Amino acid sequence: MAKILIAEDERDIRDLVAFTLRFAGHEVVTATNGEEAITNAGETNPDLILMDVRMPRMTGYEACKVMKARPDLKDIPIVFLTARGQESEIQQGLDAGAEEYLLKPFAPDQLTARVKAILAKFGK
């Protein structure tokens, strides 16, 4: 199965997403902010990154831009997890290089289905 990095500052959400994806058979690595997400991505080379937009130290947008500028990380698909579904925010995330958006809250089966589809798209 795939290795997935979850960057989310809210522990409950991070734990729920991690549990859901582990239950679906994936290996999960976590980060609590954007800076940590970049470090962990460089160290673990995940197949997919699920990242919250609003995080301390560095937002998801900023972390995404940094990763997309790094040759070792630029090909890893990034999906934003956000409670804000405004068109301008979604566009900002896509402009930063994200693959797509998942709006919170989402059902666990929704999450695993989207993750499976994205990984398949990237041949993982």
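Sequence-distant or interchain residues sharing an amide H contact under 5 Å with residue 30, placed H: which?
Under 5 Å from the amide H of residue 30: 6.
Scattering from the C-alpha atoms of region 45-90 alone, worked out with Debye: what is log10 I(q)/I(0) at q = 0.29 1/Å?
Values returned for q = 0.29 Å⁻¹ are -1.14.
Project the alpha carbons of region 60-124 onto their principal axes and report the range along each, largest first, in whole Å.
Principal-axis extents of the Cα atoms in region 60-124, largest first: 33, 30, 14 Å.
Using Cα pairs under 8 angstrom and six or more residues apart, how large is the relative contact order of the chain, in percent?
It rounds to 23 percent for the chain.
Please express the shape of region 22-61 as an equivalent ellipsoid: the semi-axes are the square roots of 5 times the eigenvalues of the C-alpha gyration tensor, given largest first in whole angstrom.
19, 12, 8
Per residue, how much accessible area does the chain have with a 1.4 Å probe, in Å²?
That works out to 51 Å² per residue.
If you roll a 1.4 Å probe over the chain with all protein chains in place, what percent of the accessible area is carbon or sulfur?
Roughly 51 percent, rounded to a whole number.
At q = 0.16 Å⁻¹, what is the base-10 log of I(q)/I(0) for the chain according to the Debye formula with one equal point scatterer per Cα and no solvent? Please give it to two decimals.
-0.67
For a test of the definition: using alpha carbon positions, the gyration tensor, and the 1.5 limit on a/c, classify region 8-76 as rounded, prolate or oblate.
Oblate shape, in that a/c is at least 1.5 and b/c is the bigger or equal ratio.
Give, in nm to one decimal, the length gained when the segment between residue 91 and residue 103 is fully stretched (0.36 nm per residue of separation minus the Cα-Cα distance).
3.0 nm
Counting other Cβ atoms within 10 Å, which chymotrypsin sites (Phe, Trp or Tyr not before Pro) in region 57-109 have at most 16 and lie in a DSSP loop?
Those satisfying the criteria are 106.
The values are calculated or read from the model by the stated rules, or taken from the named source; none is laboratory data. Nothing here was measured: the structure is a model prediction, and the numbers come from that model. Reconstructed Cβ throughout: ideal geometry from the backbone, glycine too, with neighbour counts over all protein chains shown. To get the accessible areas, we keep the full protein, side chains included, count just its heavy atoms, and leave off ligands, DNA and RNA. Shrake-Rupley method; radii C 1.70, N 1.55, O 1.52, S 1.80 Å.
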